[in-house]
Every structure is written in C-alpha cells, then in structure tokens.
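Visitor: If you scroll down you'll find the structure; I have some questions about it.
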Amino acid sequence: MTDESSIHSEDRPHRHRISVEDYHRMAEEGLLGAGGRVELIEGAIFDMAPAGDPHRRTVRRLDERLRQAVGAQGIVRRHASLRLGADSEPQPDVAVLRARADGYHHVPPTAADTLLIIEVSDGTWHYDHQIKVPFYARHGIPEVWLFDLTSATVHFFRGLTGGHYTDEAATENPGLTFLPGLTDVAVDLAAVLPSR
C-alpha cells in the first residue's frame with residue numbers, strides 16, 4: 001500500500017511556465033485572441049479585466065499629470081509592457097521610466113529602467129494587491145501606487161528591501177506626492193480619484 005507522503009515531489013505534476021519568447025510566438029500565431037488584453041506573470045498568462053469608464057478616466061488623469069510633472073526627466077507610459085525576467089511581461093496601467101534617448105521604442109523597459117508602477121484597481125483588488133504588488137517587489141520595482149476605485153483609496157508601497165515593500169501607506173485624500181528617483185518632481189493626486 002502506497003502512502004501519499006512517500007511520493008517524491010518529482011513524481012508530482014509541475015506547472016509548465018511559459019517564457020516571454022513562447023508568449024510572443026503565441027501572440028503572433030493569434031493564440032491569445034484578437035485584441036485580448038493579457039499579461040504574462042511568472043510564466044502564467046492572465047486575462048486583464050475590461051477597463052470601465054472610471055478606470056479609463058483615472059488612468060488618463062494620471063498619465064496627463066505625470067507627463068506634465070516629469071517633463072524631460074523621465075518617460076511616462078501607459079498600458080505598455082515591461083520585461084521582468086525570462087517569464088514575465090506585465091502591462092501596468094502606468095509606468096514612470098528613466099529617461100532614455102530612444103524612448104524604449106526598440107527594446108522593452110526592464111526593472112532597472114522603472115522608477116514607479118501604478119495600477120488602477122476597479123474590482124480587481126485581490127489580483128492587484130495579492131499577486132501584482134508582491135510580484136513587482138520580487139522583481140525590484142522601487143515603488144508601486146495602487147489606486148483602489150472601489151474604496152476611493154490610494155495605497156503606496158515603498159521601502160523595497162529583500163524583495164518586499166517595508167513601507168505601506170493608504171489615504172483617501174492624496175495630495176502632492178513626490179516621485180521616486182527624480183529630483184524634486186511631485187504630482188498632485190488630489191483630483192485623480194473619481195469623486196464618490
């Protein structure tokens with residue numbers, strides 16, 4: 001009689017991780033669906049939730065304010081892929097990147113290029129908070145802001161140490177907020193969250 005505890009871990013099925021190259025080949029072959037919004041997180045393909053009007057408005061406001069604040073000191077991109085290792089290509093709602101002459105047109109930015117990630121959560125709190133924030137920390141993203149539209153709250157994740165954020169704060173009344181990695185650059189977040 002075989003006891004389950006005697007089965008070696010190598011005898012159990014393992015999850016097959018998809019590489020970024022496999023992911024791109026699947027997209028080229030049309031296997032990810034026409035126009036489907038997906039992202040690759042640690043070898044797994046995740047469907048991205050459809051963006052409703054509050055989500056789109058919030059992302060647009062963030063993009064406008066950040067571009068104005070950052071100017072030539074950095075690059076602001078929305079819904080653009082980041083290359084985080086061999087098996088991850090997330091598409092954050094907004095990313096603030098280090099300035100680069102080619103504007104990342106020929107090669108996707110990496111964690112080393114990224115100063116700030118912003119995710120806007122409209123019914124996707126668990127995925128954004130429990131999956132994506134720790135994932136960004138493991139990959140060395142220095143700071144993440146999570147806009148929770150359901151509770152009209154902004155969560156800040158900072159103090160990256162050992163693959164974890166040690167400084168977490170939240171507010172319903174965000175104001176002037178400094179951006180990491182840029183000299184004296186701040187953005188006024190007061191009018192970004194939709195009014196309740």
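The values are calculated or read from the model by the stated rules, or taken from the named source; none is laboratory data. Note that the structure is a prediction, hence the values are computed from the model and not measured. Virtual Cβ from ideal backbone geometry, glycine too; neighbours counted across all protein chains shown.
Visitor: Considering (1) in contact (Cβ under 8 Å) with a residue 60 or more places away in the chain; (2) over 25 Å from residue 157 (Cβ atoms), say which one residue 59 fails and leave the rest.
Guide: Checking residue 59 against (1) in contact (Cβ under 8 Å) with a residue 60 or more places away in the chain; (2) over 25 Å from residue 157 (Cβ atoms), the one that fails is (2).
Visitor: Additional query: State whether the residues of the stretch 153-172 include one that is touching a Pro at 6+ places or on another chain (Cβ under 8 Å) and in contact (Cβ under 8 Å) with a residue 60 or more places away in the chain. So that I can check it myself, show each step before the final result.
Guide: Let us first name the residues in the stretch 153-172 that are touching a Pro at 6+ places or on another chain (Cβ under 8 Å), namely 154, 158, 160, 164.
From the residues that got through so far, the ones that are in contact (Cβ under 8 Å) with a residue 60 or more places away in the chain too are none.
Scanning the stretch 153-172 turns up no residue that is touching a Pro at 6+ places or on another chain (Cβ under 8 Å) and in contact (Cβ under 8 Å) with a residue 60 or more places away in the chain.
Visitor: Take residue 146 and tell me if it is surrounded by 18 or more Cβ atoms within 10 Å (Cβ to Cβ) and under 16 Å from the mean Cα position of the chain (by Cα). Lay out the reasoning, then the answer.
Guide: Working: surrounded by 18 or more Cβ atoms within 10 Å (Cβ to Cβ): yes; under 16 Å from the mean Cα position of the chain (by Cα): yes.
Against the criterion (surrounded by 18 or more Cβ atoms within 10 Å (Cβ to Cβ) and under 16 Å from the mean Cα position of the chain (by Cα)), residue 146 qualifies.
Visitor: Moving on. If a residue must be under 21 Å from residue 175 (Cβ atoms) and touching a residue at least 40 places away in the same chain (Cβ under 8 Å), how many such residues does the stretch 136-152 contain?
Guide: Residues in the stretch 136-152 being under 21 Å from residue 175 (Cβ atoms) and touching a residue at least 40 places away in the same chain (Cβ under 8 Å): 3 in total.
Visitor: Look through the stretch 47-90, keep the residues that are of a type in the set (S, T, N, Q) and modelled with pLDDT of 90 or more, and return whichever of them is surrounded by the most Cβ atoms within 10 Å (Cβ to Cβ).
Guide: Taking the stretch 47-90 first, the residues of a type in the set (S, T, N, Q) are 58, 68, 73, 81, 88.
So of that shortlist, the ones also modelled with pLDDT of 90 or more come out as 58, 68, 73.
Details: 58: 22, 68: 11, 73: 16.
Here the residue is 58.
Visitor: From 82, 97, 32, grab the single residue that is part of a loop (DSSP other than H, G, I, E, B), among the aliphatic types (A, V, I, L, M), free of Cβ contacts under 8 Å to residues at least 40 places away in the same chain and within 30 Å of residue 152 (Cβ to Cβ).
Guide: Working: 97 fails: part of a loop (DSSP other than H, G, I, E, B); 32 fails: within 30 Å of residue 152 (Cβ to Cβ).
So the residue among 82, 97, 32 that is part of a loop (DSSP other than H, G, I, E, B), among the aliphatic types (A, V, I, L, M), free of Cβ contacts under 8 Å to residues at least 40 places away in the same chain and within 30 Å of residue 152 (Cβ to Cβ) is 82.
Visitor: Okay, moving on. Against the condition modelled with pLDDT of 95 or more, out of contact with any strand residue (DSSP E or B) (no Cβ under 6 Å at 6 or more places or on another chain) and either surrounded by fewer than 21 Cβ atoms within 10 Å (Cβ to Cβ) or more than 28 Å from residue 18 (Cβ to Cβ) (or both), how does residue 134 come out, does it pass?
Guide: Against the criterion (modelled with pLDDT of 95 or more, out of contact with any strand residue (DSSP E or B) (no Cβ under 6 Å at 6 or more places or on another chain) and either surrounded by fewer than 21 Cβ atoms within 10 Å (Cβ to Cβ) or more than 28 Å from residue 18 (Cβ to Cβ) (or both)), residue 134 qualifies.
Visitor: Okay, next question. Restricting to the stretch 154-186, give me the number of residues that are under 22 Å from residue 111 (Cα atoms), assigned to a strand (DSSP E or B) and not acidic (Asp, Glu).
Guide: So the answer is 13.
Visitor: Read through the list (1) farther than 22 Å from residue 153 by Cα; (2) over 18 Å from the mean Cα position of the chain (by Cα), then give the number of the only condition that residue 65 fails.
Guide: (1)
Visitor: Could I ask something else about it? For residue 184, all conditions in the list (1) without any contact (Cβ under 8 Å) to a residue 24 or more places away in the chain; (2) among the charged types (D, E, K, R); (3) surrounded by 13 or more Cβ atoms within 10 Å (Cβ to Cβ) hold save one; what is the number of the exception?
Guide: Tallying (1) without any contact (Cβ under 8 Å) to a residue 24 or more places away in the chain; (2) among the charged types (D, E, K, R); (3) surrounded by 13 or more Cβ atoms within 10 Å (Cβ to Cβ), residue 184 fails exactly one: (3).
Visitor: Follow-up. Select from the stretch 94-108 the residues that are modelled with pLDDT under 95 and closer than 21 Å to residue 60 by Cβ and write down the one among them that is surrounded by the most Cβ atoms within 10 Å (Cβ to Cβ).
Guide: 104
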